[in-house]
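Inspection log for the structure reproduced underneath, given as structure tokens.
The values are calculated or read from the model by the stated rules, or taken from the named source; none is laboratory data. Not measured: the values here are computed from a predicted model. Cβ sites come from the backbone with ideal geometry, for glycine too, and all protein chains shown count toward neighbours. Note: accessible area is taken over every heavy atom of the protein model, side chains too, but ligands, DNA and RNA are not part of it. Shrake-Rupley method; radii C 1.70, N 1.55, O 1.52, S 1.80 Å.
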Amino acid sequence: MKSRKSFSLLLAAIILIQGCGAGPEGSEQAARTYLEGEFNKWMSGQENEAATFKARLQSQVNPISYEIRSVVPGKPDPLAFAKPENLAKDWKEWPAYRFNVVYGSISQAGTPVEQVATYTLTWNAFEKKWYVKGRGF
């Protein structure tokens, strides 16, 4: 009985810690947390929004590492919506951040390869959802 209670407390603590690390909706920290989650999904072979167009086209292996090198405020993506009616009139004021990320993988020859990708994350305040747009690859 005691171990079950300890496990429940540990699980609750983990959930609380992860929830606290995201930051307020639309914040840079929340964007960073979201992108890190997408990279972790990509690395583990799950469906994600971080996989680059080039990587998908060339059927590249999943990355083995990534590093966010810089984050700066960006311009919101006008296509950051699921349905046209979800594009609010204030979309130009939605928080957006541009990330430069270096990710590593193993080439077909077995050698390490590093690639740089730029992502713009736009917080759709109406849908309460991040939209990821990759550029430069």
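Restricting attention to region 4-22, does a residue exist that is in contact with a helix residue (DSSP H, G or I) (Cβ under 9 Å, 6 or more places away or on another chain), modelled with pLDDT under 95, of a type outside the set (A, V, I, L, M, F, W, C) and at positive phi?
Looking for residues that are in contact with a helix residue (DSSP H, G or I) (Cβ under 9 Å, 6 or more places away or on another chain), modelled with pLDDT under 95, of a type outside the set (A, V, I, L, M, F, W, C) and at positive phi, one finds none in region 4-22, hence no.
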Restricting to region 75-100, what's the tally of residues that are in a strand (DSSP E or B) and touching a helix residue (DSSP H, G or I) at 6+ places or on another chain (Cβ under 8 Å)? 2
Just to verify a result, which residue in region 56-78, among those that are among the aliphatic types (A, V, I, L, M) and farther than 13 Å from Y119 by Cβ, is nearest to the chain's Cα centre (by Cα)? I64
Give the number of residues within region 98-123 that are hydroxyl-bearing (S, T, Y) and crowded, with 21+ Cβ neighbours inside 10 Å. 3
Does any residue of region 39-50 turn out to be surrounded by 11 or more Cβ atoms within 10 Å (Cβ to Cβ) and of a type in the set (S, T, Y)? no
On the given criteria, is I64 at pLDDT 90 or above and open to solvent by 60 Å² or more (accessible area, probe 1.4 Å)? yes
